[in-house]
Amino acid sequence: MSTITYTQRRPSVSLTSKPVYKDAFGHDFEPPEYTIKDILDAIPKHCFDRSLSHSLAYVARDLFYASCLFGLATQIHSIPYLPARVVAWVLYGFCQGLVGTGLWVLAHECGHGAFSPYKLANDVVGWLLHSALFVPYHSWRITHSKHHKATGHLTRDMVFVPRDVTRYKLSRNLTELTEEAPIATLYFLFIQQVFGWPAYLAYNVTGQKYPGVSSFRRSHFAPSAPMFDVKDFWDIIISDVGILVAGTLTYLGIQKWGWANFALYYFIPYLWVNNWLVCITYLQHTDPTLPHYDASEWNFARGAAATVDRDFGFIGRHLFHEIIETHVAHHYSSRIPFYHAEEATQAIRKVMGKHYRQDKTNLILALWKTARTCHFVEGDGVKMYRNANGIGIPPKEGRRAQ
């Protein structure tokens, strides 16, 4: 293993200019100076228009896709050859997971009020769709709203809050930074992709730590959790009722059709949904070029720019409703429905200039690159990602020991 030694270097700065920070690859980074008004003024007004019928049509479309896949799956048992049946079930699980993720995204639109102008319609549709995927609708809606209000803020953001070097070492029981073997990165990704989403809902993993509050009391299912206010109590209860109803229906279904059918028809696609949710959100907010800010440097316009648009081709644009491709615009105004988000993106790019982040790297390769490169953040005020693997700029501007 290699260790990293430390020397001290500060952001590049002259007496007449503002600091220029270095991202993980050594590229210059300057925090944006435009305002949120500059951004919103650039977006065509019709991009903020929301249509209940238009949004419901997408729900109907995705439910139709899910029904067709389910219907086809009921015929898999008639395939005479076992290897072919296995392949068919694998394909079903993968494809149904994609459709399920699309439905999750539509419920996410409901939580933002982007689904329609009607709060009741948003909440009913969102509660039904998210409960069916074992997501506590209002609980997550509330914490996700706080995430949007404080994106990139190291002490107020709600998810994928990066660690500093001290916490990183503690999390790995290290006294000194050591290079992470590729197998360790692979293990990290496996745990994150399989267990990350339920762990976040149950224990607020990757969120704020709330010293003195046990992990069980940081749950999205607990009305007394520190993420919530007193006024949120009944919303959390309603969310929990949705999970209870979904759990009861699942239990009755297992009693009638058995564990094997439950796993094949629902649970494996459910795991795929969880995987895509974590993959999408992790890569939207974690990248070697992205900053994080402490309270002295953060503002809303800077935080919203600390996100990155990626490209997942047909899957992203058709099945995932462009949540990957237009996430930056979504952070500047989460009320813009997804079917206007591309136009809004093109409009804000003219204002953002070099501060707009887009990466068209294959999503799986980007996941690997990010996991190898983005271990913790460091800096004064504006903090950039560093890693223990000797990729890009060493931590504390140090050098790798040979």
Practice prompt. Sort out which residues of segment 273-300 are in a helix (DSSP H, G or I) and hydrophobic (A, V, I, L, M, F, W, C), and write them in order of number.
Written response: VAL273, TRP276, LEU277, VAL278, CYS279, ILE280, LEU283, PHE300
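For a quick check of your reading: which helices (runs of 4 or more DSSP H) sit entirely within segment 163-272 and have at least 3 residues that are crowded, with 16+ Cβ neighbours inside 10 Å and not charged (D, E, K, R)?
Where helices (runs of 4 or more DSSP H) fall fully within segment 163-272 and carry at least 3 residues being crowded, with 16+ Cβ neighbours inside 10 Å and not charged (D, E, K, R), they are 182-203, 233-262.
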Item to complete: Of all residues in segment 320-344, count the ones that are within 15 Å of ALA306 (Cα to Cα) and part of a helix (DSSP H, G or I).
Response: 6
Worksheet item: Hey, does segment 264-284 have a residue that's within 14 Å of the chain's Cα centre (by Cα), among the hydroxyl-bearing types (Ser, Thr, Tyr), within 30 Å of TYR356 (Cβ to Cβ) and modelled with pLDDT of 95 or more?
Response: yes
Fill in: TRP89 vs. criteria closer than 28 Å to VAL241 by Cα, among the aromatic types (Phe, Trp, Tyr) and touching a residue at least 12 places away in the same chain (Cβ under 8 Å)
no
Practice prompt. Assess whether HIS153 counts as being within 27 Å of ALA305 (Cβ to Cβ) and of a type outside the set (Asp, Glu).
Written response: yes
Discussion item. Against the conditions (1) over 18 Å from HIS285 (Cβ atoms); (2) touching a residue at least 24 places away in the same chain (Cβ under 8 Å); (3) surrounded by fewer than 23 Cβ atoms within 10 Å (Cβ to Cβ); (4) of a type in the set (A, V, I, L, M, F, W, C), where does ILE79 fall short? Just the number, please.
Written reply: (2)
Discussion item. Of the conditions (1) under 20 Å from MET227 (Cβ atoms); (2) of a type outside the set (Asp, Glu); (3) out of contact with any Leu (no Cβ under 9 Å at 6 or more places or on another chain), TYR137 satisfies every one except a single condition; which number is it?
Written reply: (3)
Item to complete: Return a yes/no flag: does segment 359-378 have any residue that is within 17 Å of GLU30 (Cα to Cα), touching a residue at least 24 places away in the same chain (Cβ under 8 Å) and not in a strand (DSSP E or B).
Response: no
Discussion item. Taking the conditions exactly as written (touching a Lys or Arg at 6+ places or on another chain (Cβ under 9 Å), outside any loop (DSSP other than H, G, I, E, B) and not β-branched (Val, Ile, Thr)), does GLY303 satisfy them or not?
Written reply: yes
Practice prompt. State all residues of segment 107-139 that are assigned to a helix (DSSP H, G or I) and of a type in the set (A, V, I, L, M, F, W, C); if no residue qualifies, say none.
Written response: ALA107, CYS110, LEU120, ALA121, VAL124, VAL125, TRP127, LEU128, LEU129, ALA132
Discussion item. Can you report the number of residues in segment 306-318 which are in contact with an Asp or Glu (Cβ under 8 Å, 6 or more places away or on another chain) and either surrounded by 18 or more Cβ atoms within 10 Å (Cβ to Cβ) or not in a loop (DSSP other than H, G, I, E, B) (or both)?
Written reply: 6
Worksheet, complete the sentence: Per the filter on segment 27-55, residues assigned to a loop (DSSP other than H, G, I, E, B), among the polar types (S, T, N, Q) and within 25 Å of the chain's Cα centre (by Cα) are THR35
Worksheet item: Do we have ASP359 as surrounded by fewer than 18 Cβ atoms within 10 Å (Cβ to Cβ) and modelled with pLDDT of 95 or more here?
Response: yes
Worksheet item: Name the pairs: first residue in segment 21-48 and farther than 14 Å from GLU343 by Cβ, second residue of a type in the set (Asp, Glu) and surrounded by fewer than 16 Cβ atoms within 10 Å (Cβ to Cβ), Cβ to Cβ under 7 Å, at least 6 apart or on different chains?
Response: LYS22/ASP28
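Conditions tested, residue by residue: (1) aromatic (Phe, Trp, Tyr); (2) closer than 22 Å to LEU63 by Cβ; (3) modelled with pLDDT of 95 or more.
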site: ALA304; (1), (2), (3): no, no, yes
site: VAL308; (1), (2), (3): no, no, yes
site: ILE315; (1), (2), (3): no, yes, yes
site: HIS318; (1), (2), (3): no, yes, yes
site: VAL328; (1), (2), (3): no, no, yes
site: SER334; (1), (2), (3): no, no, yes
site: PHE338; (1), (2), (3): yes, yes, yes
site: GLU343; (1), (2), (3): no, no, yes
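The values are calculated or read from the model by the stated rules, or taken from the named source; none is laboratory data. This is a predicted model, so every value here is computed, not measured. Neighbour counts run over all protein chains shown; Cβ positions are idealised from the backbone, glycine included.
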